[in-house]
Amino acid sequence: MLTLRPFATSDFAVLADWFKSLPDVVQWGGSHVSYPLSADQLSEMLAQGQSQPPVRRCWMACRDGKPVGHAQLAYDWTDGNARLGRVAIAPAERGQGLARPMVALMIDEAFRTPGIERLELNVYMFNTPAIRTYEGLGFTLEGVRRSSTRAGDARWDTGMMGLLRAEWAAAPAE
């Protein structure tokens, strides 16, 4: 069984070790995150959770107390939107069916937050396993931003997906 716990400074080295290249980091965190991940970058992500209301909150997904995944929620309080992002499963734990329950926990977390009516995410269109996971949890592909992200010399298309509180509430329990 997976549980979520807040991301902490003690997780920095573990998370950074999951990414072995610039494309790995960009696929996880977007083109504004640099490789290798530094304590400064991760500290800034944590600091965004200290504002009131928080700008971003970060979690580690754990199985039997061991970190096996990471995900974040960023907030647009004005419009009542949250953005699921920076989702990763530890390389040694991939292929074990952890993504779906971890994302379901993150969806529950987002919609337990008062005022959040929409959860959205960006996904690179080559990441078909992630797209299948998100669609299986009720997200709808709402559009594609072609050639929108640079990862070194490559350019990637970004899919935008959304899920509404009412859609999640009407879905069968995970």
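We did not get these values from a lab; they are worked out from the coordinates using the rules stated. In this text, all values refer to a predicted model and were calculated from it rather than measured experimentally. Here the Cβ positions follow ideal geometry from the backbone for every residue, glycine too, while neighbour counts run over all protein chains shown.
One table, with the values for the structure above:
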read-out	value
Lys, Arg +1 and Asp, Glu -1 on Cβ, resulting dipole of region 1-90 about Cα centre, debye, nearest 20	200 debye
Bridge type composition, the chain - antiparallel percent by DSSP, nearest 5	90 percent
Value of [θ]222 nm, deg cm²/dmol, for the chain, DSSP H segments ≥ 4, -39500 (n - 2.57) each, nearest 500	-8500 deg cm²/dmol
Cleavage-rule hits (chymotrypsin sites (Phe, Trp or Tyr not before Pro)) in region 83-174: DSSP loop, at most 16 neighbouring Cβ within 10 angstrom	Phe126
Net charge of neighbours whose Cβ lies under 14 Å from the Cβ of Met125, counting Lys and Arg as +1 and Asp and Glu as -1	+1
Answer label, with semi-axes √(5λ) of the Cα gyration tensor in Å calculated from the coordinates and candidates (i) 28, 21, 19; (ii) 28, 20, 15; (iii) 22, 20, 17	(iii)
Selection from Trp77, Thr149, Gln41, by position along the positive dipole direction of the chain (Cβ)	Thr149
Estimated distance in nm for a label pair at Arg145 and Ala92, the labels positioned 7 Å out from Cα along Cα-to-Cβ	3.5 nm
Two-site FRET efficiency, Ala39 against Met1, from Cβ-Cβ distance with R₀ of 35 Å, rounded to 0.05	0.70
Over the chain, relative contact order from alpha-carbon pairs under 8 Å, at least 6 apart, %	18 percent
Dipole magnitude (debye, nearest 20) for the chain, charges at Cβ of Lys, Arg, Asp, Glu	160 debye
Filtered GluC sites (Glu not before Pro), region 99-138: DSSP coil and at most 14 other beta carbons within 10 Å	Glu117
